[in-house]
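The values are calculated or read from the model by the stated rules, or taken from the named source; none is laboratory data. Since the structure is predicted, the reported quantities are computational estimates derived from the model, not experimental observations. In this analysis, Cβ positions are derived from the backbone assuming ideal geometry, glycine residues included, and neighbour counts consider all displayed protein chains. When the accessible area is computed, the model is the full protein with side chains, heavy atoms only, and any ligands, DNA or RNA have been set aside. Shrake-Rupley method; radii C 1.70, N 1.55, O 1.52, S 1.80 Å.
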Amino acid sequence: MRIKFWGVRGSIPAPGPETNRYGGNTSCVSVHTAAGNLIIIDMGTGLMHLGNALLRTEFGKGAGRATILLSHTHWDHIQGLGFFPPVFIGGNQFTVWGPGSSPDVLEQILEGQMDPNFSPLQTLKNLSAKVDVRAALPAFEAEGVRITTREHAHGHTRALSFRVEEAGRSFVYASDVGYPESGPEPAAIAHYANADVLLHDSTYKPEDQATRRNRGFSSYEEACAAAIAAKAKRLVPFHYDQDYSDDAVDGIVAACTALLAPHGIAVTPAREGDELEI
Amino acid sequence: MKVRFWGVRGSIPVPGRATNRYGGNTSCVEVRPRAADPIIIDAGTGIRHLGKALMEGTFGDGRGKASILISHTHWDHVQGLPFFSPLYRAGNQVHIFARQRDMHLEAVFSQQHDAAYFPVPLSAMHADMHFHELVEGARFHIGKAHVTCARLNHPWVAIAYRVDVDGASVVYCSDTAPFTDMLLGRDFIERPSFGTLPPPVQSELAAMRAGVVALAKNADLLIYDTQFTPEEYQARPHWGHSRPDDAIEIAREAKVKQLCLFHHAPMRSDDDNDKILAAARELVSADKFTLVSAYEGLEIPLGDQ
């Protein structure tokens, strides 16, 4: 599996010189399977840049196919869809697996962002590509790999984390996770267990999270606690607060490294444009 | 008054090194009359930073009052509103003005705060929010400032605003296509068309253009949508954006004193924007008005200070 980070920021895109190094686009990660298939996780503004890169592949000719895993439908996880060039080319096919038990409700939510008041597209029906919306199952096969999902609390709502497994290797995407004050639950740890790479919500420094716990995001300390309890091999901190500068994120990465080194867990920060081979 | 640019980009925010100088935030312009409350035009992601700056003053104590004029509710013009800090402080007053729609404006703005999309509902904002629906040709006062508006040629319809205050005038004209090839409104238009238009459509476009020229008449500053290069416009006349040449024509006819290129395309790098500005300046070298290109942090003083 080859993981690439296209958007690593939380809540709202954060342009400006102070976010140049880690990047200011919202959540989007691509996973190219060893077999050459494509899984996209979340559709934040990073998706536009992934889409531009995909135009040089079969997606540019209307012969592309990908699975999209959607953690939840907050704006910072869906805003890129209307700016994803491959959806404007007929012949491309996308299957979106997202939260909730009803694919119709999920499709209506995605439809809502294309409402004529908000988008010149007016409706999802004006996309040229085929976009098939489905309710994610606890476990399913897509693009030739096994995917398991876990529903978790995210403030007042729920979101999904995904575990992608191929040929004995595993990648877990756990963004927008709000744990109870006691820390990650056993069910969360079981979902992350022994992951080769655990990408985990690290929105806040602990002191900032203390006053914002109701928002349903993790601190980097909780991300590290989850990595240790799950015996993950590598932690990827992700979904940095929009107000954190590159220097502040450097501090988060250094703190994670210090916390995890005694446990033999490596740290690779999510940074726009970086790739990670599993 | 002072005019300050907090977001100058169209369509979608674009972080990254290539946009550091002009800025990657979407549309937001602050008009600050002398010793008076701010008038904000559009609530793209730039308004997040304006909000932080306002919280340093009376808005931080819940004693602030702001008016926000919305050109239209496409995402790049409203996305920042849920991140506008003064809304989270009780006592602040925020007045939102936008064109009347099929449903009430408050319902339109509530939709972007729907639980599916955003964690905090609009109804939970602590500030006192008021929604004002505008009809075409509306004229009204915000404090000592006089505001007028005109319809633009954009999908689902946008409006331009003129603010007259402190002996000066600023006109915000974004988003709009030129008034020559296609009439954009409620219908979804899938592809370009450049044929001869039926006479009623021609006259509607001519009236719209005359309205824009009248709105901009003798303005001290005209801020104009110039998202497209001529080549891009040829491919996408139905997207509802103009070229620098279109802005220059309107500026000439309206005899404005300064023209500002605005609503830069997302994939336009700073170097691209420099070239567009240099080329446009060549075109107006014999004209009486000055020409600038909007960048985040640009501040233009007008009239009485």
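Take the residues in the stretch A:102-111 that are modelled with pLDDT of 95 or more and open to solvent by 10 Å² or more (accessible area, probe 1.4 Å), then tell me which one is nearest to the other protein chains (Cβ to nearest Cβ).
The first filter runs over the stretch A:102-111 and keeps only residues modelled with pLDDT of 95 or more, leaving A:103-111.
Still in the list and also open to solvent by 10 Å² or more (accessible area, probe 1.4 Å): A:103-105, A:107-109, A:111.
Values: A:Pro103: 14, A:Asp104: 13, A:Val105: 9, A:Glu107: 12, A:Gln108: 9, A:Ile109: 5, A:Glu111: 11 Å.
This residue is A:Ile109.
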**Prompt:** How many of the residues making up the stretch A:13-71 are more than 12 Å from chain B (Cβ to nearest Cβ) and not in a loop (DSSP other than H, G, I, E, B)?
**Reply:** 21
**Message:** Filter the stretch A:1-12 down to the residues that are in a strand (DSSP E or B) and either modelled with pLDDT under 95 or out of contact with any Phe, Trp or Tyr (no Cβ under 7 Å at 6 or more places or on another chain) (or both) and list them by number.
**Reply:** A:Arg2, A:Lys4, A:Phe5, A:Trp6, A:Gly7
**Prompt:** Taking the stretch B:288-303 on its own, how many of its residues are exposed (fewer than 13 other Cβ atoms within 10 Å of the Cβ) and free of Cβ contacts under 8 Å to residues at least 60 places away in the same chain?
**Reply:** 1
**Item:** Members of the stretch B:66-81 found to be more than 8 Å from chain A (Cβ to nearest Cβ) and in a helix (DSSP H, G or I), listed by number
**Value:** B:Asp76, B:His77, B:Leu81
**Fill in**
the stretch B:1-59: strands (runs of 3 or more DSSP E) wholly inside it with 1 or more residues that are within 19 Å of the chain's Cα centre (by Cα) and within 11 Å of chain A (Cβ to nearest Cβ) are B:2-7
**Item:** Considering residues of the stretch A:121-143 that are open to solvent by 30 Å² or more (accessible area, probe 1.4 Å), out of contact with any helix residue (DSSP H, G or I) (no Cβ under 7 Å at 6 or more places or on another chain) and on the phi < 0 side of the Ramachandran plot only, the residue nearest to the other protein chains (Cβ to nearest Cβ)
**Value:** A:Asn126
**Odd one out for A:Val197, checked against (1) buried (at least 18 other Cβ atoms within 10 Å of the Cβ); (2) within 22 Å of A:Asp246 (Cα to Cα)** = (2)
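For every residue, the table says whether it meets (1) open to solvent by less than 10 Å² (accessible area, probe 1.4 Å); (2) closer than 24 Å to A:His154 by Cβ; (3) in contact (Cβ under 8 Å) with a residue 12 or more places away in the chain.
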residue: A:Asp42; (1), (2), (3): yes, yes, yes
residue: A:Leu55; (1), (2), (3): no, no, yes
residue: A:Gln79; (1), (2), (3): no, yes, yes
residue: A:Gly90; (1), (2), (3): no, no, yes
residue: A:Gly100; (1), (2), (3): no, yes, yes
**Message:** Return the pair list, or none, for Cβ contacts closer than 6 Å from residues in the stretch B:89-104 that are over 17 Å from B:Ala138 (Cα atoms) to residues that are part of a strand (DSSP E or B), at least 6 apart or on different chains.
**Reply:** B:Gln93/B:Lys65; B:Gln93/B:Asp128; B:Val94/B:Ala66; B:Val94/B:Met129
**Fill in**
Reported set for the stretch A:200-221 where residues are within 14 Å of A:Tyr240 (Cα to Cα) and acidic (Asp, Glu) is A:Asp201, A:Asp208, A:Glu221
**Prompt:** Condition test on A:Leu276, is it surrounded by 22 or more Cβ atoms within 10 Å (Cβ to Cβ) and in a strand (DSSP E or B)?
**Reply:** no
**Request:** With the checklist (1) open to solvent by less than 20 Å² (accessible area, probe 1.4 Å); (2) in contact (Cβ under 8 Å) with a residue 40 or more places away in the chain; (3) at negative phi; (4) outside any helix (DSSP H, G or I) in hand, flag the one item B:Tyr117 doesn't pass.
**Result:** (2)
**Asked** Here are some conditions: (1) open to solvent by 40 Å² or more (accessible area, probe 1.4 Å); (2) under 23 Å from B:Tyr224 (Cα atoms); (3) part of a strand (DSSP E or B). B:His130 meets all but one. Which one does it not meet?
**Response** (2)
**Message:** Take the conditions charged (D, E, K, R), modelled with pLDDT of 95 or more and surrounded by 15 or more Cβ atoms within 10 Å (Cβ to Cβ) and apply them to A:Arg146. Does it pass?
**Reply:** no
**Prompt:** Can you name the residue in the stretch B:165-214 that is away from every other protein chain (no Cβ under 14 Å) and among the β-branched types (Val, Ile, Thr) and, of all such residues, is most open to solvent (accessible area, probe 1.4 Å)?
**Reply:** B:Thr196
**Complete:** Of the residues in the stretch B:82-111 that are away from every other protein chain (no Cβ under 11 Å) and aliphatic (A, V, I, L, M), the one that is most open to solvent (accessible area, probe 1.4 Å) is B:Ala90
**Message:** Quick test of your reading of the structure: A:Ala261 fulfils all but one of (1) away from chain B (no Cβ under 14 Å); (2) more than 28 Å from A:Met1 (Cα to Cα); (3) of a type outside the set (Val, Ile, Thr). Name the failing condition by number.
**Reply:** (2)
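If a residue must be on the phi < 0 side of the Ramachandran plot and either hydrophobic (A, V, I, L, M, F, W, C) or open to solvent by less than 10 Å² (accessible area, probe 1.4 Å) (or both), how many such residues does the stretch B:20-41 contain?
Taking the stretch B:20-41 first, the residues on the phi < 0 side of the Ramachandran plot are B:20-22, B:24-34, B:36-41.
Cutting the leftovers down to either hydrophobic (A, V, I, L, M, F, W, C) or open to solvent by less than 10 Å² (accessible area, probe 1.4 Å) (or both) gives us B:24-29, B:31, B:33, B:36, B:38-41.
Number satisfying all stated conditions: 13.
Find the helices (runs of 4 or more DSSP H) located wholly in the stretch B:196-305 whose residues include 1 or more that are β-branched (Val, Ile, Thr) and over 16 Å from the mean Cα position of the chain (by Cα), and list them. Working first, answer last.
Numbers: elements: B:199-216, B:230-235, B:244-254, B:270-283.
Fully inside the stretch B:196-305 and qualifying: B:199-216, B:244-254, B:270-283.
Please specify each residue of the stretch B:133-149 satisfying the condition of being of a type outside the set (Gly, Ala, Ser) and outside any strand (DSSP E or B). Explain how you work it out, then say what you get.
If we filter the stretch B:133-149 for residues that are of a type outside the set (Gly, Ala, Ser), which is where we start, we get B:133-136, B:139-142, B:144, B:146-149.
The answer is B:Val135, B:Glu136, B:Lys144.
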